[in-house]
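In what follows, a structure is listed as structure tokens, so that the remarks can point back to it.
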Amino acid sequence: MTITLSDVADHLDLPLTPAPVSGAGHARALLSSPVMGLATLVKAGEQHIAFLASDQYLSQLKTTGALAVILKPQHAEESPVPCFVTSDPYAAYAKLTHLFSHDKTILLFGDQAGVSNPDSPSIHPSARIADDATLGQGVCIGPNVVIGSGVEIGDGARIAAGTTVGSRSRIGRDVLIYPQASIYHDVTIGDRSIIHSHCTVGSDGFGFAPHKGSFIKIEQLGGVRIGSDVEIGAGTTIDRGALDDTVIGDGVKLDNQIQIAHNVEIGDHTVLAACVGIAGSTKVGKMCMIGGGVGIAGHLTICDQVNITGMTLVTKDISSPGVYSSGTAVEPNSNWRRNVARFRQLDGYIRTLINLEKEVRELRERIEQR
């Protein structure tokens, strides 16, 4: 199907604003022009839509070859091409990607997706499904998928090749699970959530009791509860709870290769970047943003609306919203070595300072007594 500039305007629910140099007539004539897709300002051609969300790239606007650009009101007069004006170009760009996105069902399941009635399950012959599993309408199950006993799968869910869903787990409506994901037993995944390849949900938490020079494994008796509209990146691991469930709230977005330990709770609409590690029983609030490589110790509480910058180590509770950081930025190795050496001497410097303050205080007292 050919997508036109008029289709883009309808999808964004924004009028096409003419470029100052060309006028309204030219913009109207372009509405029937075909649009090939989205591109950056630099690489966009005459059949692409570009966007400008940051002033950092404003210089690229003047020379763009795009058919049209999504931008803020203050930049409309500088655009050499027609534009869609909005206060949030990045959100408009995100919305527009859906218009050009390929159908995931066709990409993952190919012809299998159309072999049966859309209201009936479409199951690859190699899939293994327990007799007491319940499948909703329009479910699509790919090759070599294994569905355990007592599993419930909601309408329109799509489970791609090689995925395993353990006993008594519940998969919501319109959930998309990419190939080779591992969903253990007693896991609940809410509606419209997306689980990427090699993600593991419900593995045992790291629980061992020391005893006589060895360790006794603590069986993890809880499960995992994932809310609706959650997306979990490739290679991410979410451990099951020791007794209560590990909980991921609605709208949470987890990047690739994240470790969520047992009994962690993550509040609604919180976002975690790649390689974050959260130790057991920590509670993270709603609407938080946690940067890549952040490490969070166990049994902590982080309040709502906290932004933790990349590579920060969190070792105590955070009770006030705001931006938090630790560590030092990159610098020449010679400077770093000197700073490390001085850091090791810091305790001695502080002790010297305390002694000097004490001597000054005693000297001031003697002077005042004269």
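At-a-glance table
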{"quantity": "Listed residues 269, 285, 213: farthest to the positive end of the dipole of segment 176-316 (Cβ charges)", "calculated": "213"}
{"quantity": "Cα coordinate range in segment 106-324, projected on the principal axes (Å, largest first)", "calculated": "55, 44, 21"}
{"quantity": "Other-chain or far-sequence residues with amide H under 5 Å of residue 300's (modelled H)", "calculated": "282, 283"}
{"quantity": "Alpha-carbon radius of gyration plus Dmax, which is the widest Cα pair, for the chain in Å", "calculated": "27.9, 103"}
{"quantity": "Convex hull volume of segment 5-100 per residue (C-alpha atoms, cubic angstrom)", "calculated": "80"}
{"quantity": "Set 95/283; 253/283; 95/286; 104/286 screened for pairs whose C-alpha atoms are more than 20 Å apart", "calculated": "95/283; 95/286; 104/286"}
{"quantity": "Long-range tail of P(r) for segment 265-355 (Cα pairs > 21 Å, %)", "calculated": "43"}
{"quantity": "Those trypsin sites (Lys or Arg not before Pro) in segment 195-278 that DSSP places in a loop and that have at most 10 other beta carbons within 10 Å", "calculated": "212"}
{"quantity": "Value of relative contact order over the chain, rounded to a whole percent, pairs C-alpha under 8 Å and six or more apart", "calculated": "6"}
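Taken together, the values in this text are just the output of simple stated rules run on the coordinates, not laboratory data. Source: prediction; values computed, not measured. A quick note on method: Cβ atoms are made from the backbone with ideal geometry, for glycine too, and the neighbour counts reach across all protein chains shown.
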